[in-house]
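The values are calculated or read from the model by the stated rules, or taken from the named source; none is laboratory data. Keep in mind that what you see is a predicted model, and the values were worked out from it rather than measured. Because the Cβ atoms are built from the backbone with ideal geometry, glycine has one as well, and the counts that use them run over all protein chains shown. Quick note on the areas: whole protein, heavy atoms, side chains included, nothing else; ligands and nucleic acids left out. Shrake-Rupley method; radii C 1.70, N 1.55, O 1.52, S 1.80 Å.
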Amino acid sequence: MAQFSVSGSVGLITLQNAPVNALSAWVRQGIVDMMERALREPEVKSVVICGQKGTFCGGADIKEFGTNMTGPPLIPMIHAIEAAAKPVVAAIEGVALGGGLELALGCHYRIAHSKAKLGLPEVTLGLLPAAGGSQRLPRLIGVPAALDLITTGRHVTAAEALLLGIVDQVTDHNTVDAAVKFASSVAGQSLDARRISTFPCPRPADVDALLEGAMWKVRRIARGAIAPVACVQAVRAAATLPYAQGMEREKELMATLFTSGQARALQYCFFAQRAVGRWSMPSGDRWDTSEPRPVHKAAVIGLGTMGSGISVALVQAGLSVVAVETHEKQLMEAKQAITGMLERGAKRRGVKPAFDKIRYSHNIQPLADVDLVIEAVFEDMALKEKVFQQLSAVCKPGTYLCTNTSGLDIDHLAAQTRNPELVVGMHFFAPAHVMELLEVVYGPRSSPQAVATAMQLGKKMGKVSVAVGNCRGFVGNRMLKPYLEQASFLLEEGATPELVDGVLEEFGFAMGVFRMSDLSGLDVGWRVRQADGLVVPHATAGRQARVRRGCRYSPLGDLLCEQGRFGQKTGRGWYRYDKPGSHLAKPDPWLHSFLEEYRARHGLVVRRIDHQEVLERCLYALINEGFRILEDGIAAGPEDIDVIYVSGYSWPRHRGGPMFYASIVGLTKVLERLEHYHRAHPDVPNLQPCSLLRKLVASGSPPVNKWREVMKTLHSQL
Ligand code: 3H9
């Protein structure tokens, strides 16, 4: 709702809808009623709109979307504010986002607190600012700046908003008091020059080229998302049409977006991300309710790429860090790399680099007083065992011992220590100071407080933290394995890396599976397979070359590694690169002949493989493993898997994550196609549909938010 009070001659309308004062039906009704009252009452000469508890407004109520919306619509409400005969001032504290900023743009003046954030993030929800935002913002700040804000959805600080001309004043003091004072100073003044909808849109001479450039750019980076394209079209309308016609265009474009599957997927992602972060709900709905312990001082052991990135992320989160590397040369290189990353990060954020927060050491002795350690040494169990034994002896009682392993057994490492309950996994993704995903892995003996502390630390580091159970590869990498394997089988059967990658990139992945493998290095998986005894020297393998443990196995990746083709770093992999380290993947005639020879040697008959088969085999094998993960109780729900894939594996957000995607495609269809491929390739692993998928189909294929009810009947480790 909205509350009304009067301060001198100023009417104060306060939005009251915790936690973000979203514009739900009753809030809109409150604003309409209170505005009418303010305009009616003769002693009120001007009006201030603010939000309760230091937050102006987080925009339209996203929970209302897709429901039968009631209450006054937003657009006429904002128009009525703009048309008011008394000055209306928005007092912006906390956030003014989406509909919240659109409400502020309908006001005649805007005063923001210096810590406020403003923006039009609708594009991230598959929408556009359709309460006049796409038409008013370009009129206020010009086409280029409006395009930037509307197509990216980025939030700006109050200082940038002032510079751009979005707000009229910024204050460090009480914003509502400042706004009331300001409102009384402008009472009675003409508002002709304050109604943004009446402004002509400032048009640069090259506006057409500018809009075309913007369209080209969003199409290139949108990976098939339609909202950024609609945002450019809406700004084009602002730049080329009178306001009323522009509003019509905004409405048309919004109508298409609003009911699209992409908007549904993106809004699902918004809520899923919040749900997995709320892993310790007091209701006990999720697995734990433990209080995290504060972490002020942390240590990182092993300063390779991962350890260096983790150290930077910890320093940037304000922690004191001891960074340990036993090899002199590696320590020197890491110091240089970390200094560079801290410098660049500080420059981007407009602050001083916190070099004094990090201390380097050759040994673990200075770790005696740290609250938490993250081990990031080479992925070798024997080495990690030793590190955990040493840590357990050196660190003070109660220090949490975390490992950044990407798939080794957490419980085995915990067993090396005196207090296994203090051991958890913190699986970061490279580069660790940039990638937002963190898998927090709890072993059977990890204490709830250890997990709570790792989750809280992840949040402090700005990560999307997801608690997952302990199994080979955890959630993300475990699902990746069948995806990579299917891609390799497809090559054996007649596909090329270009075909497979093309299909996956068209689906929306930033990179296809082969390009991605080249980037991360083919040798990483090769070493793991070697340790698992799966790599057999090809020359001596004979008939067994394509079989391991009774299942079909594709040794293609191993064969490339045997030839020193590790991907980008060696200039050769599934593609060729002009020089080692270069990023531009080019089709490699050598690889094509190698595949032909390989197929001939093994008597494989080449078939024409179409796009549908590539997509279905790669994605459905991955999804099938997701169902197994749910069945095993390794992820708490489908949302957890989806957040992991969207945040860490470049799954296109506008498709909502693999489990959401499966529910949209239809579980019956996923099951049917897996059965089809399993029949066609009975010896290929991971195509046999798992029992949870069958069970869900038998239960009538409920929507993704109802899967838990079916899963409840299954065993859970959580
Ligand atoms: C729009 O405005 C369309 C219009 O242009 C046109 C219409 C015609 N609605 O993130 P948090 C909930 S589209 C409903 O954890 P923080 C959120 O789910 C909207 N609920 O807090 C969570 O609930 P729970 C454009 C919302 O402090 C709780 O509030 N606006 C909304 O880290 C706390 O959220 C946006 O895209 C909402 N609009 O961050 C802004 N917003 O406790 C979306 C939040 O049950 N919101 N909730 O899990 C945000 O970006 C962040 O929530 C915000 C606060 C920065 C505001």
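Ordered from largest to smallest accessible area (heavy atoms of protein chains, 1.4 Å probe), the residues Met479, Met381 come out as Met381, Met479.
Here the chain exposes an accessible surface that is 55 percent carbon and sulfur, computed with a 1.4 Å probe and the other protein chains kept in place.
Annotation for Asn174 and Gln612: the two label points, set 7 Å from Cα along the Cα-Cβ direction, are 6.8 nm apart. Working from label points 7 Å from Cα in the Cα-to-Cβ sense, the Gln530 to Glu328 distance is 2.8 nm.
If R0 is 22 Å, the Cβ-Cβ spacing of Lys712 and Phe271 corresponds to a FRET efficiency of close to 0.60. The long axis of helix 667-680 is offset from the longest Cα principal axis of the chain by roughly 20 degrees.
Using a Förster radius of 35 Å, what is the FRET efficiency between Lys251 and Val351 based on their Cβ-Cβ separation? Nearest 0.05, please.
Details: r = 42 Å, r/R0 = 1.20.
Efficiency, rounded to the nearest 0.05: 0.25.
Paramagnetic label reach from Arg344 (point 7 Å along Cα→Cβ; backbone nitrogen cut-off under 18 Å): within region 560-583, residues 569, 581-583. To check you understand DSSP bridge types, tell me what percent of the beta bridges within the chain (both residues inside) are antiparallel, rounded to 5. Counting only bridges with both partners in the chain, antiparallel ones make up about 30 percent.
Just the accessible area per residue of region 2-258, please: how many Å² with a 1.4 Å probe?
Values: 10450 Å² over 257 residues.
Heavy-atom SASA per residue in region 2-258 reads 41 Å².
Ordering Gln365, Leu253, Gly302 by Cα displacement along the dipole of the chain toward the positive end leaves Gln365 in first place; charges were set at the Cβ atoms of Lys, Arg (+1) and Asp, Glu (-1). For region 615-718, the solvent-accessible area with a 1.4 angstrom probe is 36 square angstrom per residue.
Could you give the Stokes-Einstein D for region 166-317 in µm² per second, using the C-alpha Kirkwood radius, 4 °C, 1.567 mPa s? Here the translational diffusion coefficient equals 59 µm²/s. Legend: residues Asp172, Asp380, Asp523, sorted from most to least accessible area (1.4 Å probe; ligands, DNA and RNA excluded), read Asp172, Asp380, Asp523.
At a probe radius of 1.4 angstrom, the accessible area of region 564-611 per residue rounds to 60 square angstrom.
Restricted to Cα atoms, the chain shows a radius of gyration and a Dmax of 28.3, 96 angstrom.
The peptide list 611-619, 485-493, put in order of mean Cβ contacts within 10 Å with the highest first, becomes 485-493, 611-619. Between Lys579 and Ser185, residue separation times 0.36 nm minus the direct Cα-Cα distance comes to 135.2 nm. In this label model, Met435 and Ala205 are separated by 4.8 nm, measuring between points 7 Å along each Cα→Cβ vector.
Across the chain, the mean sequence separation of Cα contacts (distance under 8 Å, 6 or more residues apart), normalised by length, yields a relative contact order of 9 percent.
Ranked by the mean number of other Cβ atoms within 10 Å per residue, highest first, peptides 87-99, 26-38 order as 87-99, 26-38.
Sort largest first and round to whole Å: the equivalent ellipsoid semi-axes of region 2-258, each the square root of five times a Cα gyration tensor eigenvalue. If you can, show how the numbers build up before the last one.
Details: eigenvalues 170, 74, 56 Å².
With the √(5λ) rule applied to region 2-258, the semi-axes are 29, 19, 17 Å.
When the surface is traced with a 1.4 Å probe over the full set of protein chains, Glu248 keeps roughly 100 Å² accessible. As I understand it, the value is the acute angle between the Cα axis of helix 243-258 and the longest principal axis of the Cα atoms of the chain; what does it come to in degrees, rounded to 10? Here the helix axis deviates by roughly 30 degrees. In terms of packing, defined here as the mean over residues of other Cβ atoms within 10 angstrom, the peptides 221-233, 696-708 line up highest first as 221-233, 696-708. The calculated 222 nm mean residue ellipticity attributable to helices in the chain amounts to -14500 deg cm²/dmol, summing -39500 (n - 2.57) over DSSP H runs of n ≥ 4 and dividing by all residues.
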